[in-house]
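**Q** Could you have a look at this structure, given as structure tokens, before my questions?
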Amino acid sequence: FAIQKTLGAFEENELAYRVAADSGSLTFDLKVNSTPEGAAIQYRRRGDLYKTNSEGTNSTISSLPFAIWTVRVHIPGYEDQEIEHDPFRQRDHVINVILTSKGN
């Protein structure tokens, strides 16, 4: 088990270096869309506190360092959604969320 965990970490690092090298950058832009639009966006890396994006949904969070990010989408009257974005495996860097009304 310990060997698998160690090798998995090496594979993750290799993938991260390859993606950064292929993109020519250490950062990426993440587009966050929702239906309905205009929801508040918070985002964080594992272990960090949430940051708030100054714009609502149907906007872009710019210059995120390559890392796995959790994005929370909130609009009053709807269930909050949390989505994890892995830029190493999800190359489109777009999150689309359909929010569900509370009580449905």
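The values are calculated or read from the model by the stated rules, or taken from the named source; none is laboratory data. Quick caveat, the model's predicted, so the values are computed rather than measured. These area figures cover heavy atoms from the full protein model, side chains too; ligands, DNA and RNA do not enter into them. Shrake-Rupley method; radii C 1.70, N 1.55, O 1.52, S 1.80 Å.
**Q** Using only the alpha-carbon atoms of region 30-95, report the extent along each of the three principal axes, biggest first, to the nearest angstrom.
**A** Here the Cα extents, ordered largest to smallest, are 33, 24, 19 Å.
**Q** From the phi of every residue in region 24-32, what ³J(HN,Hα) in whole Hz does the Karplus formula 6.51 cos²θ - 1.76 cosθ + 1.60 yield, where θ is phi - 60° and glycine or proline is x?
**A** Residue by residue, region 24-32 yields x, 8, 9, 10, 8, 9, 10, 7, 10 Hz.
**Q** Right, next: If DNA, RNA and ligands are ignored and the probe is 1.4 Å, what is the ranking of Val94, Val73 by accessible area, most exposed first?
**A** On the way: Val94 55, Val73 0 Å².
Output order, biggest surface exposure first: Val94, Val73.
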